[in-house]
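The values are calculated or read from the model by the stated rules, or taken from the named source; none is laboratory data. Keep in mind that what you see is a predicted model, and the values were worked out from it rather than measured. Positions of Cβ are generated from backbone atoms using ideal geometry, with glycine treated the same way; all protein chains shown enter the neighbour counts.
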Amino acid sequence: MEIYYDQKFEKVHQLEIAEYESCVFDSCDFSNGDFSNRTFIDCQFKDCNLSLVSLKGALLRDVQFVGCKLLGLHFEACNPFGLAVSFSNCQLQHASFYQCKLKKTTFSASQLLETDFTEADLSQSEFTDCDLSGAIFDRSILEKADFRSAINYHINPLTNKIKKAKFSIAEVRGLLVQFDIVVN
């Protein structure tokens, strides 16, 4: 397998099966592409479209996504070994993190609309300035996670582990929706 180290890829549309380490991908359109069995270590994707990319067997270790469009991605298809990602100013609509172990993951200023976090371990993760409209949290581990500046979340404290998670007073209603009570 070929190894690319410390290279910049601009405006490319596909990547060969290879290992990419310390690489930057800038303004690339990989939509509907295939990242199956590719390895990305300490890489950054900046202003890229990765919508509907196949991630089967992809290894994502210390990968940053900045200003990217990541619609419909299934992160659970990734190689779980060392899965470590962060997102800043990204669109993650309809993405899935089903059963992913993502402790200490940073989601910053991102749209996580209808994203599935079912059974994901998001312990100590940060959701800074994120919109979680329609996001699914079911049997998720959210202990010590920080939702203080997140909006539009609905998290059932009876079906998710939320011990020592942080929430803002303004959005705490998102923890009470399933109880069908009125909060003024």
Note: among SER88, SER27, just one is surrounded by fewer than 20 Cβ atoms within 10 Å (Cβ to Cβ) and over 25 Å from LEU132 (Cβ atoms), namely SER27
Q | Flag for SER168 being at pLDDT 95 or above and of a type in the set (Ser, Thr, Tyr) | A | no
Checking CYS100, CYS78 in turn, the sole residue that is surrounded by 18 or more Cβ atoms within 10 Å (Cβ to Cβ) and touching a helix residue (DSSP H, G or I) at 6+ places or on another chain (Cβ under 6 Å) turns out to be CYS100
Can we say SER110 is touching a residue at least 12 places away in the same chain (Cβ under 8 Å), surrounded by 18 or more Cβ atoms within 10 Å (Cβ to Cβ) and of a type outside the set (Asp, Glu)? yes
Flagged pairs (Cβ under 6 angstrom, 6 or more apart or on separate chains; first in segment 76-95, within 17 Å of LEU59 (Cα to Cα); second part of a loop (DSSP other than H, G, I, E, B) and of a type in the set (Phe, Trp, Tyr)) are GLU76/TYR98
